[in-house]
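What follows is a single structure, written as structure tokens, with notes after it.
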Amino acid sequence: MDKNPDFSRLTNLASARLGAKAIFATDDFFADKSRLIDDADPQWKEGVYDDNGKWMDGWESRRKRGEGYDYCVVRLGLPGLISGLDIDTSFFTGNYPPSASVDACYSLDGDPQDGADWQEILSSASLQGDSHHLFEVNTGQPFTHIRLNMYPDGGIARLRVYGQPLKDWNRIGTDEELDLVAVENGGRALACNDEHFGKMGNIIMPGRGVNMGDGWETARRRTPGNDWVILSLGHAGNISRVVADTAHFKGNFPDSFTLQAAYVTGGTDDQIATQSLFWKELLPSQKLSADNIHEFADQVADIGPVTHVRLNIFPDGGISRLRLFGTKA
């Protein structure tokens, strides 16, 4: 499968940063189940051992000496429609499971109990060591929990569950203000020209950034121009207030920024960058300062409902968070 399938641009619903938690494993003797959903890429620690054996960055069970198989249950950080999975066995070579499958269930009021209605979303698939395994799935319905089954035992470094967060927009009034681009409301970072030091998706994550790595930061620009990122709102809306946070960016914050926006119909995510050059100005150039929260309301232009926003920073640097408050259209 393509190393970067379309579903990999969606939200990782099993992100620990979004509140996902590994709530049960049949066995995690060698490596704790919580590492399975760590947002950081897995790492190798040469020569590091703990009381139970070689330290591994993932979930690893002991060698099974009887019937059955091991599994781990993950409560998703956000309920949603699942479009793809990444079962990552990075650094597991002689200890990865030969195959795995994935079940899902919807249990909004609490963790699933005995007798829960689990549905298979990925049938048993062969795995290789030290590899990403990308699987497209089409669930057609929302889920809150995932059960990763490995046959019969072994280690898996990471599980990513890509999908669209579930948001019942019918229950949101047209006069209710909310952050239209927040990941928990279905916002997505679609494209950018550079993310050398920090990923573009960070700027729509919950809370304030914990350090510079928890933001979007570009390399130092050595040519004319500026850096940019394109964001898709969770729902078409009217933006009336903008908050730009440069938390932890002190010697590397952008000098200024602007916002462009449009109501996009048709086309694909791949084509959005070219279209964005001609979008209307939502917010004219505004100065930024170090490690600070900047709020703008009177300066925001009334251009009507929009679905996408382009953030331009001049000339380069780092933004921790961007909030686009408004009402649904």
Handout entry: Tensor-based shape of segment 97-247 (alpha-carbon gyration tensor, a/c under 1.5 rounded, otherwise prolate or oblate)
Key = oblate
Fill in the blank from the handout: For G80, other-chain or 5+-apart residues with amide H closer than 5 Å (H placed, Pro excluded) are F143, L166
Practice task
Only one of the values (i) 1.01; (ii) 0.96; (iii) 1.26 was calculated from this structure for Rg/Rh (Cα atoms, Kirkwood Rh); name its label.
Solution key: (i)
Handout entry: Under 30 Å from K167, Cα to Cα: lysines that are on another chain or at least 8 residues apart
Key = K3, K21, K33, K199, K280, K328
Practice task
Please label the shape of segment 12-81 as rounded, prolate or oblate, based on the square roots a ≥ b ≥ c of the eigenvalues of the alpha-carbon gyration tensor (a/c under 1.5 means rounded; beyond that, a/b larger than b/c means prolate, else oblate).
Solution key: oblate
Handout entry: Order by protection proxy (mean Cβ within 10 Å, highest first), peptides 109-115, 239-245
Key = 239-245, 109-115
Exercise for the section: Round to the nearest 10 and report in Å² the accessible area of T274, as given by a 1.4 Å probe over the protein chains' heavy atoms. Expected result: 90 Å²
Exercise for the section: For segment 45-119 and segment 185-209, write down the distance between their C-alpha centroids in whole Å. Expected result: 27 Å
Fill in the blank from the handout: Between D39 and residues 5 or more places away or on another chain, the pairs with built amide H atoms under 5 Å apart involve A16, R17
Fill in the blank from the handout: Measure of exposure for Y106: accessible area at 1.4 Å probe, Å² rounded to 10, is 110 Å²
Exercise for the section: Enter the accessible area per residue of the chain (Å², integer; probe 1.4 Å; all protein chains in place). Expected result: 47 Å²
Problem - Largest-first ordering by accessible area, 1.4 Å probe, given options K280, K64 - result: K280, K64
Handout entry: Simple label model, 7 Å out from Cα along Cβ direction - D117 to T265, nm
Key = 3.7 nm
Practice task
Heavy atoms only, probe 1.4 Å: what % of the accessible area of the chain goes to carbon and sulfur, would you let me know?
Solution key: 46 percent
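The values are calculated or read from the model by the stated rules, or taken from the named source; none is laboratory data. None of the values given here were measured: they were computed from a predicted structure. Note that we place each Cβ from the backbone using ideal geometry, even for glycine, and neighbour counts take in every protein chain shown. Keep in mind that these areas ignore ligands, DNA and RNA; they rest on the heavy atoms of the full protein, side chains included. Shrake-Rupley method; radii C 1.70, N 1.55, O 1.52, S 1.80 Å.
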